[in-house]
Amino acid sequence: MKNDNEFVIINGKPSKIIYNKSKAKKWSLKDSNIDTLKILDELLKFKDSSLKYPSGITVINGADTITLASNLHISRPSNHIGIIRSGLQANTLLTYRPKNERDIYAIIKSDESIKDAEAVRERLLKVVESKDVELSKAYEDNRKN
């Protein structure tokens, strides 16, 4: 296991990876709703960008809890992150902290991670549709426009 004081380079900044030590509820995709889908879409934003840092780990559109809550008008984004993480392979969705900044959630920029996150998005969409077809259709239509 890595030393908790060890820094790695993420998006060009020295950062600590935060390992989940929570004893909280075990999340499942069944716990998701439209807000979970919004957060995953936010984390996947710019997935097609060609930007890749020359050293360290490159992540896509990292966001902290305050940014997710205020920009997406969502309460308890960390719960939705737990739900998303429950459907992903290990080390696809990172929580990390650059020096003197807040914890950031982000998906590692790799073909495998993006493919995994998009597959989870499709599964999330089915769960949301099973709960509210009209809302999920309206969200998808709005997202495509």
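The values are calculated or read from the model by the stated rules, or taken from the named source; none is laboratory data. All values reported here derive from a predicted model rather than from experimental measurement. Virtual Cβ from ideal backbone geometry, glycine too; neighbours counted across all protein chains shown. Side chains are part of the model used for accessible areas, which takes the heavy atoms of the whole protein and leaves out ligands, DNA and RNA. Shrake-Rupley method; radii C 1.70, N 1.55, O 1.52, S 1.80 Å.
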(message) Being touching a strand residue (DSSP E or B) at 6+ places or on another chain (Cβ under 6 Å), at pLDDT below 95 and not β-branched (Val, Ile, Thr) narrows it down to one residue among Arg85, Arg76; which is it?
(response) Arg85
(message) Taking the criterion of being open to solvent by 10 Å² or more (accessible area, probe 1.4 Å) and either more than 27 Å from Asn5 (Cβ to Cβ) or of a type in the set (Gly, Ala, Ser) (or both), would at least one residue in segment 87-99 satisfy it?
(response) yes
(request) Sort through Leu135, Leu125 and tell me the only one that's touching a residue at least 40 places away in the same chain (Cβ under 8 Å), in a helix (DSSP H, G or I) and open to solvent by 60 Å² or more (accessible area, probe 1.4 Å). (result) Leu135
(request) Go through segment 1-109 and tell me which helices (runs of 4 or more DSSP H), entirely inside it, have 2 or more residues that are in contact (Cβ under 8 Å) with a residue 40 or more places away in the chain and in contact with a helix residue (DSSP H, G or I) (Cβ under 8 Å, 6 or more places away or on another chain). (result) 34-44, 77-87
(request) Mind telling me which of the residues Asp111, Asp132, Asp116 ends up being at negative phi and touching a strand residue (DSSP E or B) at 6+ places or on another chain (Cβ under 9 Å)? (result) Asp116
(request) Within segment 45-86, work out how many residues are of a type in the set (A, V, I, L, M, F, W, C), closer than 19 Å to Ser15 by Cβ and open to solvent by less than 20 Å² (accessible area, probe 1.4 Å). (result) 5
